[in-house]
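Data first, discussion second: the structure below is written as structure tokens.
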Amino acid sequence: MTVADYIIGELSKRVSHAYGLYGAGNAHLFDSVNRLGGLTMVPTAHEQGAGFMAEGHAKATRSIGLCVVTSGPGALNVATNVASCYYDSVPVLFLCGQVSSVFTRRAYSPLRQRGFQETPTTDVMRHIAKWVCDVTDPVRVRDVLAYALEIMSTGRPGPVVLSIPLDVQASPMPARAHSMVSGGPSNSIPPFERVRECLASLASAQRPIILVGGGCGGAGKELRALAELLQIPVVRTWNALDIVPDDWSLFAGNVGTYGGKGRNFAVQNADVVLAIGTRISGRITGGDTKSFLRGAREVWHVDADRGVLEGLDDDVVPRQKINAYVGNFLSACRGMVAGGW
């Protein structure tokens, strides 16, 4: 079994389709897909199309997406896709081919490029991916892949980019592998007392509203169930179009630049707001960010990404912050409401 066989074999247990474009740098990965038969490869005319299809697959199936591209321009062509998945919290694994290790430019070399279509893929992608890794040692492949699959889907989901040299793809898979230091983010549990305070605030409100963002993907059923228990109207951001359906009785419309006057007026005049799974972007607040939610006496902001919660301190009104995975927060809320809290 080669390293490429191992990677494709493991991924076929998690995902049904891969999207990509063949090239010299990913030859062994494509060969493994063809020989093993566990994955359906969907070839595209351009790598960017493959990236968008993998992103769409992840969104539609509420699982992970898989994109396989070659080195150099093949990998660079999915940079937009990686960024899209990063900002929209979509777990897609980008397997990028790379030139053989023997042709890789040394770090100390003044050469711009040594191998054919050699590009430092992970350096380019580092700031637009959740994690990147140059897979240069077959011994580490087992743990690298396990860590990539873990970190993609825990905490705030996002894309992972693995750059795999051609000779590593073709190497025999070691029978045993070293342990790799893990420590991916866990799906945090909300403090029950803070959940209770949030529910009490919503219950005492005269004009409560729930603002839902794309971070609630995969928890739409739980979100709607809570809103129905509390009988609170729900507005959604652009990235939550498939979380709250148009024909749902408590749907109050889209907000921000994608919404109309009525729903924006309702949000601005709500006295208690639960903003969940949303980064409260400029498309929602408008240019005068401090004026957003100006009528609220209390704003509760729930998100798995601590950076989202703390990064808005200077831009929007003060908020009560709950750093938790939205699914866990919603489950805690429903349990409290059902128990009479």
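Scanning for something touching an Asp or Glu at 6+ places or on another chain (Cβ under 8 Å) and more than 21 Å from residue 194 (Cα to Cα), does the stretch 227-248 turn up at least one residue?
For the stretch 227-248, residues touching an Asp or Glu at 6+ places or on another chain (Cβ under 8 Å) and more than 21 Å from residue 194 (Cα to Cα): present.
Suppose we keep only residues that are touching a strand residue (DSSP E or B) at 6+ places or on another chain (Cβ under 7 Å) and of a type in the set (Ser, Thr, Tyr) within the stretch 1-21. Which one would you say is surrounded by the most Cβ atoms within 10 Å (Cβ to Cβ)?
The selected residue is 19.
Please determine whether any residue of the stretch 260-275 is under 19 Å from the mean Cα position of the chain (by Cα), surrounded by 15 or more Cβ atoms within 10 Å (Cβ to Cβ) and not small (Gly, Ala, Ser).
Scanning the stretch 260-275, I find no residue that is under 19 Å from the mean Cα position of the chain (by Cα), surrounded by 15 or more Cβ atoms within 10 Å (Cβ to Cβ) and not small (Gly, Ala, Ser), so the answer is no.
Which one of these does residue 286 not meet: (1) on the phi > 0 side of the Ramachandran plot; (2) open to solvent by 70 Å² or more (accessible area, probe 1.4 Å)?
Here residue 286 meets the rest and fails (2).
Which residues, taken from the stretch 3-29, are aromatic (Phe, Trp, Tyr) and farther than 20 Å from residue 137 by Cα?
Within the stretch 3-29, 19, 22 meet the criteria.
Need a quick list: strands (runs of 3 or more DSSP E) entirely within the stretch 43-155 having at least 1 residues that are at pLDDT 95 or above and open to solvent by 40 Å² or more (accessible area, probe 1.4 Å).
Once the strands (runs of 3 or more DSSP E) in the stretch 43-155 are filtered for at least 1 residues that are at pLDDT 95 or above and open to solvent by 40 Å² or more (accessible area, probe 1.4 Å), what remains is 131-134.
Working only within the stretch 11-42, note down all residues that are of a type in the set (Asp, Glu) and either touching a helix residue (DSSP H, G or I) at 6+ places or on another chain (Cβ under 6 Å) or not in a helix (DSSP H, G or I) (or both).
Selection gives nothing.
Among 210, 243, which is closer than 30 Å to residue 83 by Cβ and modelled with pLDDT of 95 or more?
Among 210, 243, only 210 is closer than 30 Å to residue 83 by Cβ and modelled with pLDDT of 95 or more.
Do you know which residues across the stretch 217-226 are of a type in the set (A, V, I, L, M) and either farther than 25 Å from residue 61 by Cβ or open to solvent by 10 Å² or more (accessible area, probe 1.4 Å) (or both)?
Residue satisfying the conditions is 225 alone.
The values are calculated or read from the model by the stated rules, or taken from the named source; none is laboratory data. Please read these numbers as outputs of a predicted model, since none were measured by experiment. Glycine also receives a Cβ, built like all others from the backbone with ideal geometry; neighbour counts cover every protein chain displayed. Accessible surface is based on the protein model in full, side chains and every heavy atom, while ligands, DNA and RNA are left aside. Shrake-Rupley method; radii C 1.70, N 1.55, O 1.52, S 1.80 Å.
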